[in-house]
1. Classify the stretch 52-114 from the C-alpha gyration tensor, please: rounded if a/c falls under 1.5, else prolate or oblate depending on whether a/b exceeds b/c.
2. For the stretch 5-83, what does the alpha-carbon gyration tensor say about shape, rounded, prolate or oblate, given a ≥ b ≥ c as the root eigenvalues, a/c under 1.5 as rounded, and a/b over b/c as prolate?
3. In the stretch 1-141, what % of DSSP beta bridges are antiparallel (nearest 5)?
4. So which aspartates and glutamates pass the test for Lys85, namely a Cα distance under 20 Å, with those fewer than 8 places away in the same chain ruled out?
5. Please calculate the 1.4 Å probe accessible area of Glu95, with all protein chains present, and give it to the nearest 10 Å².
6. What accessible area per residue comes out for the chain, rounded to a whole number of Å², with a 1.4 Å probe?
7. To make sure I understand the rule: partners must be lysines, Cα under 21 Å from the Cα of Lys7, and not fewer than 8 residues away in the same chain. Which ones qualify?
8. Carbon and sulfur together cover what percent of the accessible area of the chain at a 1.4 Å probe radius?
Amino acid sequence: MKTFMPKAADITRQWYVVDAEGQVFGRLASKVANILRGKNKPIYTPHVDTGDYVIIINADKIQMTGKKLDQKVYYHHSGYVGGLKETKYRKLLAEKPEFAIRRAVTGMLPKGPLGRQMAKKLKVYAGAEHEHAAQNPVKIEL
């Protein structure tokens, strides 16, 4: 029995639209990461990008459970001594909801060139409008 290796011609990419309104932050991110990685397909291979494109709309209406809005903190460093910055997720979701979701999803993808290639297929929008109508995306419920 030979092991199946998908080639570029075998991979067909689909476009999906996910409405984040009322969804839980981490659960949405993990399901979207699985679609981007291609784990929902029978031709999934760990070292090949077999995933689909995902458009997330209404990112500003996503929810977090428990006290995470006030207790979960996003850290980044400027590179200088004493340059550690911290932002609570309540403020981060209010100002840049696209960044917060993109960061959560890319953290669940593989690290390196393959993960960066998968992350490029994620499109996040704060409102209900997106500019990918020409790709005929299919709306899915997660």
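The values are calculated or read from the model by the stated rules, or taken from the named source; none is laboratory data. Computed from a predicted model, the values in this text were never measured in an experiment. Glycine gets a Cβ as well: all are built from the backbone with ideal geometry, and neighbour counts include every protein chain shown. Surface accessibility is based on the protein's heavy atoms, side chains included, excluding ligands, DNA and RNA. Shrake-Rupley method; radii C 1.70, N 1.55, O 1.52, S 1.80 Å.
1. Taking the square roots of the gyration eigenvalues as a ≥ b ≥ c, the stretch 52-114 is oblate.
2. oblate
3. Here the antiparallel bridges make up roughly 30 percent for the stretch 1-141.
4. Filter leaves Asp70, Glu95, Glu98.
5. Near enough 120 Å² of accessible area.
6. With all protein chains present, the chain gives 62 Å² per residue.
7. Straight-distance partners of Lys7: Lys39, Lys41, Lys120, Lys121.
8. 52
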